[in-house]
Amino acid sequence: MRFPEIKKHLANFKVGIAGAGGLGSNCAVALARSGVGTLVIADFDIVEQANLNRQYYFVHQIGMQKTQALKENISVINAETVVEIFNGRLDGSNIPSVFNGCDVIVEAFDCDNMKEMIVETVQEKMKGIPLVVGSGLAGWGNNDQIKYRKIDNTLYLCGDESTAAGDDLPPMAPRVAIVAGMQANTVIEILMKTYGSNEILTK
């Protein structure tokens, strides 16, 4: 299948991105470049200088809402991708409404408790919607430890599943980008096996 056909297929789908930091911003850009039709990006934070070592933002965007800055960047990369934004904190009560209509959701939080919360929420309140989680990406090197694991048809894990970020082991651009790319690749794999609402794929 040639790229124009892939892009036409992916244009039928909506993907939710929970968090617009290192994982979320890089994953969103990869999905936009690939031709995903609609992205729903949710985050409450603003762009800071410290984010620029791994997140898809620029110096002139410091102080902007991450969601708005990312929407701006994606519009330059692929103006055909529709970007819907939610500026606020996600929790168990609003996730189903924020990501209503999404075909896949990407988890891109920093905190373990938030990761657990979205897994529980999606599995309980959004049954059947695939969730792609990032887990274990801090530091550098150890490429062989970064992996993809399918738990079932609705839960996928990307990362080494063990390396937690901290002051002495910060998240850095290469490993963050690898895991974000793996998440985007997983989303595309799921969507390429799914019929869009306006098409019938022929093999």
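With a ≥ b ≥ c taken as the square roots of the eigenvalues of the C-alpha gyration tensor of the chain, please select rounded if a/c is under 1.5 and otherwise prolate if a/b is larger than b/c or oblate if it is not? Note, shape of the chain comes out rounded.
Out of the GluC sites (Glu not before Pro) in segment 30-105, which ones are loop residues according to DSSP with at most 13 other C-beta atoms within 10 Å?
On the way: sites: GLU48, GLU72, GLU80, GLU84; in loops: GLU48, GLU80.
Qualifying residues, ordered by number: GLU48, GLU80.
Per DSSP H run of at least 4 residues, take -39500 (n - 2.57); add these up for the chain, divide by its residues and hand me the 222 nm value, nearest 500 deg cm²/dmol. It comes out at -11000 deg cm²/dmol, rounded to the nearest 500. Among the trypsin sites (Lys or Arg not before Pro) within segment 43-119, those in coil by DSSP and having at most 15 neighbouring Cβ atoms inside 10 Å are ARG89. Summarising the strand pairing of the chain, around 25 percent of its internal DSSP beta bridges are antiparallel.
Per-residue 3J(HN,Hα) values for segment 51-62, derived from phi via the Karplus relation 6.51 cos²θ - 1.76 cosθ + 1.60 with θ = phi - 60°, read 7, 6, 6, 8, 10, 7, 9, 10, 3, 5, 9, 4 Hz in sequence order (x marks Gly and Pro).
At 20 angstrom or more along the helix axis (alpha-carbon based) and mean Kyte-Doolittle of 1.0 or higher, what helices does the chain contain? Whole DSSP H runs only. Mind showing how you got there, number by number?
Working: long enough: 173-192 (28 Å, 1.16).
Within the chain the helices that satisfy the rule are 173-192.
Each reported figure results from applying straightforward, stated rules to the coordinates on display, with no laboratory input. A quick note: this is a predicted structure, and the numbers were derived from the prediction, not measured. Note that we place each Cβ from the backbone using ideal geometry, even for glycine, and neighbour counts take in every protein chain shown.
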